[in-house]
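Single-structure report; data block below.
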Amino acid sequence: MMGPAHSLSGAAAWLGVGAAAAAAGHPMPWPVLVVGALITAGAALAPDLDHKSATISRAFGPVSRGLCGIVDELSHAVYKATRGPGDPRRNGGHRTLTHTWLWAVLIGAGASAAAVFGGRWAVLAILFVHLVLAVEGLLWRAARVSSDVLVWALGATSAWILAGVLDQPGNGSDWLFSGAGQEYLWLGLPIVLGALVHDIGDALTVSGCPILWPIPLGRKRWHPIGPPKGMRFRAGSWVELKVLMPAFMVLGGIGAAGALNFI
């Protein structure tokens, strides 16, 4: 999938989680619903850190381009070191390490740990990064014609304001985890969800996605999971643009209505 579809699917997924949480008797405060949807939209771009031409590679200028190059090399090295006898040889690391459930869980756990032990500045950094990515994904047309500095300023300002809202009593800094010192522990959840939604989206395309690594399937450790070949589509095709993206918007609206008890 392309970046905008990934971000839309991520936001829709979090709003769906909000609806499920409300139905189960654990409704999200509205700031958690909004911030979580934005974080998931941004996190749904992050697995493409292994792709030098992906949306995320442009998000933070030379820093993100350099990081994408490093992650590409790291992913390729891990693939070569762990591939099974049925896995083909590859020239790069795209859709390998960062497109697995294990990566999603580790990144989410790391973000939660940083939020809990790193204090307010760590929370602001997590929000800033994912809000910039959300702008790049959800508002990609505007982001392409705007300066990077303007997008970064919007991300930084939004992160500061939203952190202040969440810090207010009852607004959700301690949502789901209410023990002493567990504020913002939940921040890892939308990050895990965003990465997994990205992987599922890529699994629907022609190339599939090795979500289950390192679990071996037959002679392969990097088996590209996906539906039957006839049900897959090419990234950027009319199926993605005309069918899936409108569907994500509709599902997101339904999820938001359910999360806010409008339906």
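The values are calculated or read from the model by the stated rules, or taken from the named source; none is laboratory data. Keep in mind that what you see is a predicted model, and the values were worked out from it rather than measured. So basically every Cβ, Gly included, is an ideal-geometry build from the backbone, and we count neighbours across all protein chains shown. When the accessible area is computed, the model is the full protein with side chains, heavy atoms only, and any ligands, DNA or RNA have been set aside. Shrake-Rupley method; radii C 1.70, N 1.55, O 1.52, S 1.80 Å.
Rundown of residues vs (1) open to solvent by less than 20 Å² (accessible area, probe 1.4 Å); (2) touching a His at 6+ places or on another chain (Cβ under 7 Å), yes/no style:
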residue	(1), (2)
71	yes, no
74	no, no
106	no, no
128	no, no
137	yes, yes
**OP:** Provide a single number: the residues in the range 218-238 that are among the hydrophobic types (A, V, I, L, M, F, W, C), open to solvent by 40 Å² or more (accessible area, probe 1.4 Å), modelled with pLDDT under 90 and not in a loop (DSSP other than H, G, I, E, B).
**Re:** 2
Original post:
When only residues in the range 205-217 that are open to solvent by less than 30 Å² (accessible area, probe 1.4 Å) and in a strand (DSSP E or B) count, which is farthest from residue 84 (Cα to Cα)?
Top reply: 205
Original post:
What are the residue pairs meeting all of these: first residue in the range 231-242, first residue without any contact (Cβ under 8 Å) to a residue 40 or more places away in the chain, second residue polar (S, T, N, Q) and not in a loop (DSSP other than H, G, I, E, B), Cβ atoms under 7 Å, and 6 or more apart or on different chains?
Top reply: 232/205; 233/205; 234/205
Original post:
For the range 71-116, what are the residues that are among the β-branched types (Val, Ile, Thr) and in contact (Cβ under 8 Å) with a residue 24 or more places away in the chain?
Top reply: 71, 82, 96, 98, 100, 105, 107, 116
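To keep it simple, each residue is scored yes or no on (1) open to solvent by 70 Å² or more (accessible area, probe 1.4 Å); (2) aromatic (Phe, Trp, Tyr); (3) over 19 Å from residue 11 (Cα atoms).
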site	(1), (2), (3)
144	yes, no, yes
150	yes, no, yes
155	no, no, no
169	yes, no, yes
177	no, yes, yes
181	no, no, yes
Subject >> Residue list for the range 56-68, filter: loosely packed, with under 13 Cβ neighbours inside 10 Å and assigned to a loop (DSSP other than H, G, I, E, B) >> reply: 61
Original post:
Scanning the range 1-55 for residues that are open to solvent by 10 Å² or more (accessible area, probe 1.4 Å) and among the β-branched types (Val, Ile, Thr), which turns out modelled with the lowest pLDDT?
Top reply: 55
